[in-house]
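The values are calculated or read from the model by the stated rules, or taken from the named source; none is laboratory data. Model, not experiment: these values are computed from the prediction. Note: ideal-geometry Cβ built from the backbone for every residue, glycine included; neighbour counts use all protein chains shown.
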Amino acid sequence: MANFYTDNPDLKLHLSHPLMRKIVELKERNYTEAEKFDYAPINYEDALDNYDKVLEIVGELCGGVIADNAEGVDHEGPVVENGRVTYASGTQANLDACRKAGLMGMSMPRRFGGLNFPITPYIMAADIVSRADTGFENLWGLQDCAETLYEFGNEDQKARFIPRVCAGETMSMDLTEPDAGSDLQSVMLKATEQPDGTWRLNGVKRFITNGDSDIHLVLARSEDGTKDGRGLSMFIYDKRDGGVNVRRIENKMGIKGSPTCELVYKNAKAELCGSRRLGLIKYVMALMNGARLGIAAQSVGVSEIAYREALAYAKDRKQFGKAIIEFPAVYEMLAVMKAKLDASRSLLYETSRFVDMYKVYEDIAKERSLTPDERAEMKKYSKLADACTPLVKGLGSEYCNQNAYDCIQIHGGSGFMKDYACERVYRDARITSIYEGTTQLQVVAAIRHVFTGTYKTLMDGYAEESVSEKLQPLMARAAKMVEAYEKAVATVAAVKDNQAYGDFMARRLVEMAGDTIMTYLLITDASRYESESMAKSALVYCNLAEAEVAKHSEFIATFNPSDLDSYKA
Amino acid sequence: MSLNIVVLAKQVPDTRNVGKDAMKEDGTINRAALPAIFNPEDLNALEQALRLKDANPGSTVTLLTMGLPRAAEIIREAIYRGADAGIVLTDRTLGGADTLATSYSLAQAVKKFGNYDIILGGRQAIDGDTAQVGPQIAEKLGLPQVTYAEDILDLKDGYVTVKRRLESGVETVKAPLPCVVTVNGSAAECRPRNARRVMRYKYAVSPSEKAKLAPEILAIVERRPELNLQEWSAAYVEADPDQIGLAGSPTKVKAIENVVFTAKESRCLDNSDEHIEGLIKELIANHTIG
């Protein structure tokens, strides 16, 4: 039986990155939990072995149960009846298996019944789950709403809700409304405080993934008469209290197993999470950052399955007397798919390590005050995570779409039929560059790091890493890309007082940053892990990225800001 | 009520992925060429045992396996999935056993274990495919047996009700406890390994595995009794040396040959005397039996 973790040795390599030692040491408070919990690790090696063994369970479930159910789930889909959702039978079987395997609440502390895993191995599990069934990754991955509960809920709320998530109850984040999609400041769902301190919610939410979940985090307007984000608070709604019904579920193009719900709140009892007015500006921002990393992992999983399906078909399919993989037109496509897959995966785990580093410090800060060094480190990694999350979500989701497209192309006419998994992969991929913020919004989040120099700092750091002799020529080429990037940034920055021009060019600059950073990451990863396949991808990706950077450089250098009018409809 | 449940399991070579080197020249299995796995139908039996445990809080599930010391691997595997403890019956003198000697040895171990309410095992192991060991153990222990079990429907008042999957349909039978139930591959699949249990029990070892442990791990094992798996010898279970191992095995392998299946036709016979007699005569005539 296939195991989606052990059949992909790159995963274990990424798990062994040198920064992991520090992350785990901090996360395990220097391994003091082992005295209290018999499943806590006694040292770094023990912890890594735990991650390895648990990911092996994830890989086995994914390669068996979840991948086997994917097609049935896609055909069957969930249904809604009397306001309640029933999952497809395969989805239910997947959830049951994940619960029995204890794979819920993976990153939650042990005192709440979690596994106390860092974000990195958790994100790795998401990567694996997505390869098996992209839509199911949503349901399983919504466990990271518990992260937000843990960060901002009070002790009582944590103690009541988090153990339920760890035991397998599902969550949802109820943000979007008919008139508040990308613009969440316009959320209208009304929250009214009761004399007993609880709240009542009234209104409608739309496009809510897993909207019939057990525990909801809800963004609602608590401040009467306000119109912007500062009048919004976050609430916890417990399905056991009732008051929220599913009016309909959307008929979607892909990720069909994941129910997308329209919810009606009728005087639904809820409790405030955190402080009033911080719902959007603080909590949802944190929630979204976690969710974006989750979508990045989902995207990498899609790239993986797309590549594998395409590779298998290209080896099997014979035309003109040989397997089609023998033709340059086909093997180029496959090599580029693999390079995009490996590049986005390297950036995914780099980002997850950054997130791990700052989050673990934030958590420690709840127990004791941090030393100035620790505070500085937290700030540094928080900024890096903030810079890399939109990058990996934006570019990773675009790559998985490109890979899904090429996967069908390699299948030719057969790929257009419903007979192969690739058509499902293609449909499932499409949402990744839309939800949790479109690629265009990821650019908005990323562009400030172009101009404040966060990306440049990262590039400078990579440039100083020593790599094997074989990979040094690639390092030199990456350095040239940095020069081109800096020049383009300077060109755009030199045009003053023209917001539209800046916005117009932002995508190009962010892509150039991403191309360059991923080139460096692939080179350094290939060198550190002594991986032949990564070294191959590093070269292919460098060729690709270099050309992309040159293309954008050329465009930016020759573009006349006054031509912008010609682009307007 | 709480139950003492024994699950009989075997570590087997994974014959589902057989290559050319699967057999040695002498007709025995080349175990080195095949990965050792938990016999699939024993996993089905384990699931039934764990369901009984779920339904009867306070019950314990103990895995009993006979084999090389490394068979402790499947005990850990069972514990990861929810079993409580395990015993490896291992001894040089047990080697080379056929089903008769195996069932005798395991029956001795079950006797030694004592105080059992129900004994579950897979229908058959994928290496020998005999399906004899479970029933023979029942005979040796003087217990009722239910074979081809697909689902344990009920267990109360000293009886177990079992759905059996037969060639011609489904049969539901009731047997008094204690009894032996052998479980079919069509029964529910075993639950997955549980993440927390894997981390909690990954250092569970048998005495012969202890020697290889690093000092800091050994310290953990010494501190936590549940990490100590049992290893029983032939002498410990008071087995008669003449009835175990090669000495106790009347089965002798005469020759072994590669067979390519060339079945051309199939016939369906019912269990009437007429048909059975006809078949026996035919098989004697073509020297298949006799």
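Would you mind finding the one in B:231, B:216, B:226 that is surrounded by 13 or more Cβ atoms within 10 Å (Cβ to Cβ) and within 14 Å of chain A (Cβ to nearest Cβ)?
B:226
Looking only at residues in region A:106-115 that are more than 10 Å from chain B (Cβ to nearest Cβ) and not hydroxyl-bearing (Ser, Thr, Tyr), which one is surrounded by the fewest Cβ atoms within 10 Å (Cβ to Cβ)?
A:111
Output the residue which, of all residues in region A:185-217 that are closer than 20 Å to residue A:83 by Cα and of a type in the set (A, V, I, L, M, F, W, C), is surrounded by the most Cβ atoms within 10 Å (Cβ to Cβ).
The residue in question is A:217.
Give the number of residues within region B:218-265 that are outside any loop (DSSP other than H, G, I, E, B) and charged (D, E, K, R).
Selection size over region B:218-265: 5.
Considering region B:68-112 alone, what residues qualify as being of a type in the set (A, V, I, L, M, F, W, C) and part of a loop (DSSP other than H, G, I, E, B)?
The answer is B:68, B:83, B:97.
How about region A:52-74: which of its residues are closer than 21 Å to residue A:427 by Cβ and either touching a residue at least 24 places away in the same chain (Cβ under 8 Å) or within 13 Å of chain B (Cβ to nearest Cβ) (or both)?
A:62, A:66, A:67, A:68, A:69, A:70, A:71, A:73, A:74
Identify the residue in region A:78-105 that is in contact (Cβ under 8 Å) with a residue 24 or more places away in the chain and charged (D, E, K, R) and, among all such residues, is farthest from the other protein chains (Cβ to nearest Cβ).
Ranking the qualifying residues of region A:78-105, first place goes to A:84.
For the list (1) more than 9 Å from every other protein chain (Cβ to nearest Cβ); (2) buried (at least 18 other Cβ atoms within 10 Å of the Cβ); (3) closer than 18 Å to residue B:82 by Cβ, I need the number of the one condition that residue B:196 fails.
(1)
Which pairs have Cβ atoms under 7 Å, sit 6 or more apart or on different chains, and link a residue in region B:212-224 that is closer than 16 Å to residue A:37 by Cα to one that is of a type in the set (Ser, Thr, Tyr)?
Once the first residue is closer than 16 Å to residue A:37 by Cα and sits in region B:212-224, its partners that are of a type in the set (Ser, Thr, Tyr) give B:217/B:203; B:220/B:203; B:221/B:203.
Among the residues of region B:89-112, is any closer than 30 Å to residue A:102 by Cβ, more than 14 Å from chain A (Cβ to nearest Cβ), crowded, with 20+ Cβ neighbours inside 10 Å and among the aliphatic types (A, V, I, L, M)?
No, region B:89-112 contains no residue that is closer than 30 Å to residue A:102 by Cβ, more than 14 Å from chain A (Cβ to nearest Cβ), crowded, with 20+ Cβ neighbours inside 10 Å and among the aliphatic types (A, V, I, L, M).
Kindly indicate the residue of region A:1-36 that is under 22 Å from residue B:192 (Cα atoms) and modelled with pLDDT under 95 and also surrounded by the fewest Cβ atoms within 10 Å (Cβ to Cβ) among those meeting that condition.
A:1
When the residues of region A:35-45 are narrowed to those that are at the interface with chain B (Cβ under 10 Å from one of its Cβ atoms) and touching a residue at least 12 places away in the same chain (Cβ under 8 Å), which ends up farthest from residue A:12 (Cα to Cα)?
Result: A:37.
So for region B:172-187 (the condition being within 23 Å of residue B:84 (Cα to Cα) and within 14 Å of another protein chain (Cβ to nearest Cβ)), does at least one residue qualify?
No, region B:172-187 contains no residue that is within 23 Å of residue B:84 (Cα to Cα) and within 14 Å of another protein chain (Cβ to nearest Cβ).
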